[in-house]
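The values are calculated or read from the model by the stated rules, or taken from the named source; none is laboratory data. As the structure is a prediction and not an experimental result, all values here were calculated from the model. Methodologically, a virtual Cβ is constructed for each residue, glycine included, from the backbone with ideal geometry; neighbour enumeration extends over all protein chains shown.
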């Protein structure tokens with residue numbers, strides 16, 4: 001019998017408290033586990049996934065049948081499907097996390113103080129992490145591997161539409177943990193699709209240290225509103241590119257095209273382009289030509305529409321919209337002050353870029369724009385854990401506290417003070 | 001007319017929203033203010049406080065008269081009083097904060113990635129900080145100076161019993177800000193004693209980035225429960241010292257005495273002493289003798305009481321009590337596992353120390369004890385921002401996220417990613 005199914009789920013609150021209690025106990029063990037053992041568990045997961053491809057695809061098939069019976073959209077069914085390339089990607093992801101350096105126990109800043117004590121910081125796991133996500137079953141493996149590597153216990157609550165897939169993956173994770181000599185309860189997959197489970201997970205602060213929701217904006221907003229446990233969250237990605245009058249215009253055209261068209265559905269995609277008035281007449285038609293080749297709809301301010309007959313007039317709402325689609329809002333502004341004022345008002349705090357050759361303006365933009373990533377002469381599409389060298393990413397935080405921007409292993413840890421003395425007492 | 005009194009306070013929600021709106025606008029300005037200008041404002045505050053001692057003592061006198069009329073306890077009246085030494089300490093505190101390095105704008109970890117972009121972290125202000133505190137008016141200056149130095153705007157809500165003192169200090173702060181060319185709204189003292197102001201402050205997440213409550217446990221618990229803005233908080237300090245069998249017993253006796261008796265009312269004072277059974281008979285009577293000289297009441301487990309006839313029997317509640325008084329709970333345990341299990345169950349996550357000469361046990365204790373400060377062979381009384389070299393302290397966080405342990409200027413900042421490219425686009 002699998003570890004994941006061993007508790008009665010009829011009383012959801014009692015069931016979730018049970019998971020919480022087990023996770024807390026497992027987290028105490030996980031704090032002191034060697035890197036080697038954690039890596040062995042990750043490698044075993046990869047091996048078991050590889051060996052049980054057929055069983056996984058079969059379990060996923062149940063989910064797909066139910067999804068089609070429930071008239072889920074093609075896009076949702078597609079996200080739900082476990083295909084051979086997706087299973088390959090899961091295995092590769094596990095290998096990547098195995099290869100990452102273990103952040104736990106790293107000590108820095110150890111310095112002697114005038115009193116004679118030596119004080120530093122040690123990086124340690126957060127404890128218990130609750131992760132709530134929607135249909136994509138590969139998130140189960142991704143989240144489990146990052147929590148495990150960072151020495152945390154976790155409780156994973158996937159979407160009900162992926163229940164059979166997640167159950168099968170949960171069994172593999174449990175087996176791998178046990179084979180590595182770790183508590184199976186270090187990673188627990190919630191075995192009920194009752195929505196009350198989420199309500200309990202996000203409020204049982206005695207058992208859970210942080211909640212990471214991954215999914216649509218409404219899911220995240222609801223969880224943030226109701227949680228009594230700290231949430232690492234990411235709502236919108238309304239990213240801006242500002243082309244300053246001194247910009248290298250070839251560079252500006254390339255970056256604007258890349259930031260908008262490289263992928264439409266990602267949170268680091270540019271949604272609004274701001275152009276300094278003196279170069280608008282020269283650069284806008286060139287950008288419009290590139291965007292037209294990708295069938296991107298342009299919604300502009302009045303001045304933009306005057307220069308681009310093909311643009312439609314943007315409404316006030318456009319400046320606050322994350323399109324996640326081949327649509328771009330464009331506004332002509334008078335200088336960096338106006339650009340930064342627009343960003344201050346409309347940005348979601350995710351990622352903004354300036355294209356400029358002016359040293360002072362580049363410095364101002366970097367210092368003053370209050371977003372999780374601020375860039376000079378680069379595409380907003382680089383705002384990503386892999387591109388930043390984190391090795392893996394559990395999400396992108398647009399919060400200011402704790403983790404900001406792409407969240408990797410470090411974001412799943414905290415630091416405590418360590419003090420070494422030789423009998424020191426306070427005078 | 002002073003800046004602090006310029007808005008109508010009859011509609012508390014509208015008034016607080018107004019303060020929030022002004023603070024948010026000021027925070028945009030504060031982000032880019034030079035260290036020199038911030039220091040000038042701090043020095044001007046110090047000068048104005050020095051020049052207006054009489055006026056401050058007079059304003060404080062109003063509060064003291066009202067406090068006595070309202071039958072406040074002597075302890076509360078004492079905390080409220082602005083005496084000459086306390087005014088000197090305020091001025092000295094301002095000088096210390098002026099001398100601290102400015103954390104804002106510090107960039108670290110700037111490295112090239114395989115794509116060619118260069119990625120690093122820049123330290124930036126949090127934005128708007130709301131601080132809620134009880135009677136001590138010196139907190140007004142302390143909090144204002146730390147928020148100002150770290151480039152944040154702040155809204156300060158002191159206790160109603162210190163209303164006149166805080167108003168007078170608020171006027172000095174406003175004047176100093178204006179004289180340095182900064183917005184007076186960068187530091188706003190809430191001008192109403194209506195409790196609804198707190199309710200609004202902790203829920204207006206569009207204007208406030210973080211709340212720091214300073215005061216009694218019930219105040220902090222209430223704020224944590226009701227806040228919709230992240231809270232940096234510190235509830236109890238139930239600190240433990242564990243004397244291992246290999247400890248240098250002279251050292252153990254000195255540290256136990258210091259950790260308990262150096263000051264009783266502080267959160268880093270030892271509340272429970274754990275002693276490894278093999279050395280209990282030898283070390284306990286020596287510690288008891290020292291504590292008896294300070295009139296410390298000892299409450300022990302059964303084994304402790306068998307060794308110390310003067311000890312009273314501890315109840316289950318004692319292990320979870322922050323005495324803040326000359327009382328110590330004592331328990332004899334069998335080895336480090338039992339000691340760490342006791343700490344895991346009863347600690348508030350503030351500070352724990354082990355006294356040992358055993359290398360492996362010291363390493364285990366440091367790695368496995370999950371508190372904001374973990375020490376070897378040093379008194380828990382060292383857990384303090386000044387002792388740790390932070391230069392100043394806005395509080396001690398027993399939370400795990402963001403700031404943990406003593407919180408100084410760094411805890412009032414966050415880090416954003418900065419990316420430098422030369423026209424890089426994502427492939």
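Across segment A:207-234, the qualifying residues are those that are assigned to a loop (DSSP other than H, G, I, E, B) and within 12 Å of chain B (Cβ to nearest Cβ), and the one among them that is surrounded by the fewest Cβ atoms within 10 Å (Cβ to Cβ) is A:228. Which members of segment B:354-377 meet the condition of being within 9 Å of another protein chain (Cβ to nearest Cβ) and not in a helix (DSSP H, G or I)? B:355, B:369, B:370, B:371, B:372, B:373, B:374, B:375, B:376, B:377, listed by residue number. Scanning segment B:242-280 for residues that are under 25 Å from residue B:360 (Cα atoms), within 28 Å of the chain's Cα centre (by Cα) and facing chain A (nearest Cβ under 9 Å) yields B:252, B:254, B:255, B:259. Can residue B:339 be described as more than 22 Å from residue B:234 (Cβ to Cβ), in contact with a helix residue (DSSP H, G or I) (Cβ under 9 Å, 6 or more places away or on another chain), more than 7 Å from every other protein chain (Cβ to nearest Cβ) and in contact (Cβ under 8 Å) with a residue 40 or more places away in the chain? So residue B:339 fits the description; yes. Can you find a residue in segment A:299-307 that is under 33 Å from the mean Cα position of the chain (by Cα), assigned by TED's automatic domain parsing to the domain that holds residue A:352 and closer than 16 Å to residue A:380 by Cβ? Checked segment A:299-307: no residue is under 33 Å from the mean Cα position of the chain (by Cα), assigned by TED's automatic domain parsing to the domain that holds residue A:352 and closer than 16 Å to residue A:380 by Cβ. Looking across A:115, A:73, one residue alone is modelled with pLDDT under 95 and over 21 Å from the mean Cα position of the chain (by Cα). It is A:73. The set of residues in segment A:248-290 being surrounded by fewer than 20 Cβ atoms within 10 Å (Cβ to Cβ), under 20 Å from residue A:314 (Cα atoms) and without any contact (Cβ under 8 Å) to a residue 24 or more places away in the chain consists of A:285, A:289.
For segment B:79-112, the set of residues classified as surrounded by 12 or more Cβ atoms within 10 Å (Cβ to Cβ), more than 19 Å from the chain's Cα centre (by Cα) and more than 19 Å from residue B:410 (Cβ to Cβ) consists of B:81, B:82, B:87, B:88, B:91, B:95, listed by residue number. Scanning segment A:120-140 for residues that are under 21 Å from residue A:31 (Cβ atoms) and either surrounded by fewer than 20 Cβ atoms within 10 Å (Cβ to Cβ) or at the interface with another protein chain (Cβ under 10 Å from one of its Cβ atoms) (or both) turns up A:120, A:121, A:122, A:123, A:124, A:125, A:126, A:127. Close Cβ contacts (under 8 Å, 6 or more residues apart or on different chains) running from residues in segment B:93-113 that are farther than 20 Å from residue A:365 by Cα to residues that are loosely packed, with under 14 Cβ neighbours inside 10 Å are absent.
Of the listed requirements (1) in contact (Cβ under 8 Å) with a residue 24 or more places away in the chain; (2) surrounded by 18 or more Cβ atoms within 10 Å (Cβ to Cβ); (3) more than 27 Å from residue A:215 (Cα to Cα), residue A:362 misses just one: (1). When you scan segment A:185-201, do you find a residue that is within 22 Å of residue A:407 (Cα to Cα) and out of contact with any helix residue (DSSP H, G or I) (no Cβ under 9 Å at 6 or more places or on another chain), even just one? No, that holds for no residue.
A count restricted to segment B:378-427 and to residues that are within 7 Å of chain A (Cβ to nearest Cβ), part of a strand (DSSP E or B) and either within 17 Å of residue A:411 (Cα to Cα) or over 18 Å from the mean Cα position of the chain (by Cα) (or both) stands at 12.
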